[in-house]
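One structure is given here, and the rest of the page talks about it.
The values are calculated or read from the model by the stated rules, or taken from the named source; none is laboratory data. These numbers come from a predicted model, not from an experiment. Cβ placement follows ideal geometry from the backbone for every residue including glycine, while neighbour counts extend to all protein chains displayed. In case anyone asks, the SASA skips ligands and DNA or RNA and just uses the protein heavy atoms, side chains included. Shrake-Rupley method; radii C 1.70, N 1.55, O 1.52, S 1.80 Å.
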Amino acid sequence: MATTGPTTSTTRTAAHRRLGVLAVAFMIIAASAPLTVVAGGVTSAYSVTHVDGIPFGYIVLAAALAIFAIGYAAMSRFITNAGAFYSYVSQGIGRPTGVGASVLALIAYNAMQIGIWGMFGFQISSFIESKTGWASPWWVWVILGIIVVGILGVNRVDLSAKVLGVLVALEFLAVIVFDVVAFVNPAEGFTVAPMTPSALFVPGVGAVLAFGIAAFMGFESAAIYGEESKDPKRTIPRATFLAVAVIGVFYAISSWALALAVGPAKITDPTGITPEEAGPPLFFNFVAEHLGVLWVDLMSILFITSLFAALVSFHNAVSRYAFSLGREGVLPRQLGTVRTSSGAPWAGSLAQSVLALVVIIGFAIAEGGWNPENGPYPVLTLFTWLTNLGAFGLVLLMVLVSAAVIGFFRRDGRDVGAGSRLVAPIVALVALGIVWILILVNWDVLLGQPQSTPTTFILPAILLVPSIAAVLWAYWLRKAKPDVYRQIGHGAEEAEAPHLGSEPVGV
């Protein structure tokens, strides 16, 4: 992988626009990781909250995010930048807040990506041990995975899209098989109760929505691929709405099927689900009973590939944010280069891989003081801590973008209707603001802690303190480097115009 001379560039050209609506939608859905959500997220939510209305919760969240997407899609018609939300906030609220949002996004996406490595390594190690008896270190598989994801990250983005397309299709097929079997074999008889509002709006609804929003994380990443889409003005909005609709409906139906498989009465009984059954065993025990061990093995492998698909998608998101910030001089400019042959942000990709490797090594060393009898270390720490931190940050980012949409169209409506530029973003701001507060209020629950510990406060600080510091950094740039400051959130339009000619450049 050469990184100097004619093989790299700071700009993309029309030849790099390879992604269509379905390709971008697959990128988004892959980050959501359907099988991981159903077998891991939904089962954990049932086990912790004891609320059987989780399926209706997905409908509520999908509706809120669809409303958010209305303003987001309207703004995407006028901004071209791989920095996506960073650019939106910069142009809608102001450059300093935009730089703060960029750091918020970098930390949140990195947290999601690196956190998933914990579950990935644990699942591979556990699967191999169950088949061979060899208890391999979880971090060995993570390091190998980082290498593979890194290779995909520096090559053409449509290669990643094709890989993810196959993996996501197999995930959907596996979950659909489970859904059909669960609807045919309900533990307590067929009922539509989990799909009703009365099942959701009970004590614990806050924790349900806080758990549920994590299932949608990644849906907002479409704009990141604006510079690599064939027709971004159409591709990005269509891919976003398609992904929200598919994710929302699919998760609602699949979590309903899981509720039937377990039994609503068992879910709502605080003692109904034993510690041995809690989490993924709720899913895999049912599969073993009704489909057999072969299907358990197949779905276990697809569970691993589901995690891999999410890892690739979030890696791509991080590398493109780093590229945008490097190109505009907010971060070292070396990060703002792409491979001429592929248009992939190689430096941002490499930086993300190195950061992931450092964090994984740190957790692997720390594992030496962990008591294995307390549970799976990489899942209870690396995965739980960082993925919840990522969701916490990305919801806050969407709140900022909702405000940015209002600000962007405040002086010039640009022939966009009031519903798209004002009403929808206001509703989204309020709805997502409530979800963000619910995550904060239920932070101990999400981390699986009976009471607050130093981790409870350190994790949010890791996200919020650097983001606030970045706002102050932007004010310093305004005085010390006015040329850099002027490009914040606007660099792509200036850098790419000479290269793209008459090609569509709107995000």
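Yes/no matrix, rows are residues, columns are (1) open to solvent by 30 Å² or more (accessible area, probe 1.4 Å); (2) among the charged types (D, E, K, R); (3) part of a loop (DSSP other than H, G, I, E, B); (4) modelled with pLDDT of 95 or more:
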| residue | (1), (2), (3), (4) |
| --- | --- |
| LEU429 | yes, no, no, yes |
| LEU440 | yes, no, no, no |
| VAL445 | yes, no, no, no |
| GLN451 | yes, no, yes, no |
| PRO466 | yes, no, no, yes |
| LEU477 | no, no, no, no |
| GLU496 | no, yes, no, no |
| HIS499 | yes, no, no, no |
TODO: Filter region 165-213 for residues that are assigned to a helix (DSSP H, G or I) and of a type in the set (Gly, Ala, Ser) and give the result.
DONE: GLY165, ALA169, ALA174, ALA182, ALA193, SER198, ALA199, GLY206, ALA207, ALA210, GLY212
- [ ] Could you tell me which numbered condition PRO203 fails, if it satisfies all but one of (1) modelled with pLDDT under 90; (2) under 25 Å from the mean Cα position of the chain (by Cα)?
- [x] (2)
Open item on the list: Given the criteria assigned to a helix (DSSP H, G or I) and under 28 Å from TYR251 (Cβ atoms), does THR97 qualify?
Closed with: no
Open item on the list: Quick test for you: out of LEU242, LEU260, LEU311, LEU307, pick the one residue that is more than 19 Å from GLY218 (Cα to Cα) and either touching a residue at least 60 places away in the same chain (Cβ under 8 Å) or touching a strand residue (DSSP E or B) at 6+ places or on another chain (Cβ under 8 Å) (or both).
Closed with: LEU260
Open item on the list: Can you confirm whether SER452 is among the small types (Gly, Ala, Ser) and in contact with a Gly (Cβ under 7 Å, 6 or more places away or on another chain)?
Closed with: no
Open item on the list: Tell me whether region 344-364 contains one or more residues that are open to solvent by less than 10 Å² (accessible area, probe 1.4 Å) and not in a helix (DSSP H, G or I).
Closed with: yes
Task: Qualifying position, being assigned to a helix (DSSP H, G or I) and modelled with pLDDT of 85 or more, among ILE253, ILE236 - done: ILE253
Open item on the list: Testing ILE273 on (1) over 24 Å from the mean Cα position of the chain (by Cα); (2) modelled with pLDDT under 85; (3) buried (at least 21 other Cβ atoms within 10 Å of the Cβ), one condition comes back false. Which one is that?
Closed with: (2)
- [ ] Please find, among THR381, THR387, the residue that is farther than 30 Å from ILE79 by Cβ and either part of a helix (DSSP H, G or I) or at pLDDT 90 or above (or both).
- [x] THR381
Open item on the list: Take the residues in region 414-427 that are open to solvent by 20 Å² or more (accessible area, probe 1.4 Å) and outside any helix (DSSP H, G or I); name whichever of them is nearest to LEU380 (Cα to Cα).
Closed with: GLY417
Open item on the list: If I ask for residues that are more than 26 Å from ALA278 (Cα to Cα) and among the β-branched types (Val, Ile, Thr), which ones from region 361-389 would you list?
Closed with: ILE361, ILE365
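Yes/no matrix, rows are residues, columns are (1) acidic (Asp, Glu); (2) more than 18 Å from the chain's Cα centre (by Cα); (3) over 30 Å from GLN487 (Cα atoms):
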residue	(1), (2), (3)
TYR72	no, no, no
SER87	no, yes, no
GLY94	no, yes, no
GLY100	no, yes, no
PRO137	no, yes, yes
VAL148	no, yes, yes
GLY165	no, no, yes
PHE178	no, yes, yes
- [ ] Considering only region 181-197, state which residues are among the hydrophobic types (A, V, I, L, M, F, W, C) and either without any contact (Cβ under 8 Å) to a residue 60 or more places away in the chain or under 17 Å from ILE54 (Cα atoms) (or both).
- [x] ALA182, PHE183, VAL184, PHE190, VAL192, ALA193, MET195
- [ ] Could you check, for region 103-115, whether at least one of its residues is over 26 Å from ALA199 (Cβ atoms), open to solvent by 10 Å² or more (accessible area, probe 1.4 Å) and assigned to a loop (DSSP other than H, G, I, E, B)?
- [x] no
Open item on the list: So the check is Cβ under 9 Å with 6+ separation or different chains; which pairs have a first residue in region 350-370 that's under 11 Å from ASN110 (Cα atoms) and a second one that's at pLDDT 90 or above and open to solvent by 80 Å² or more (accessible area, probe 1.4 Å)?
Closed with: SER353/ILE147
- [ ] From the list ALA322, ALA288, pick out the single residue that is in contact with a helix residue (DSSP H, G or I) (Cβ under 9 Å, 6 or more places away or on another chain) and touching a residue at least 40 places away in the same chain (Cβ under 8 Å).
- [x] ALA322
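For region 297-343, which positions are more than 20 Å from MET112 (Cα to Cα) and part of a helix (DSSP H, G or I)?
ASP297, LEU298, MET299, SER300, ILE301, GLY326, ARG327, ARG333, GLN334, LEU335, GLY336
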Task: Any hit, region 19-30, residues being open to solvent by less than 10 Å² (accessible area, probe 1.4 Å) and within 27 Å of VAL262 (Cα to Cα) - done: yes
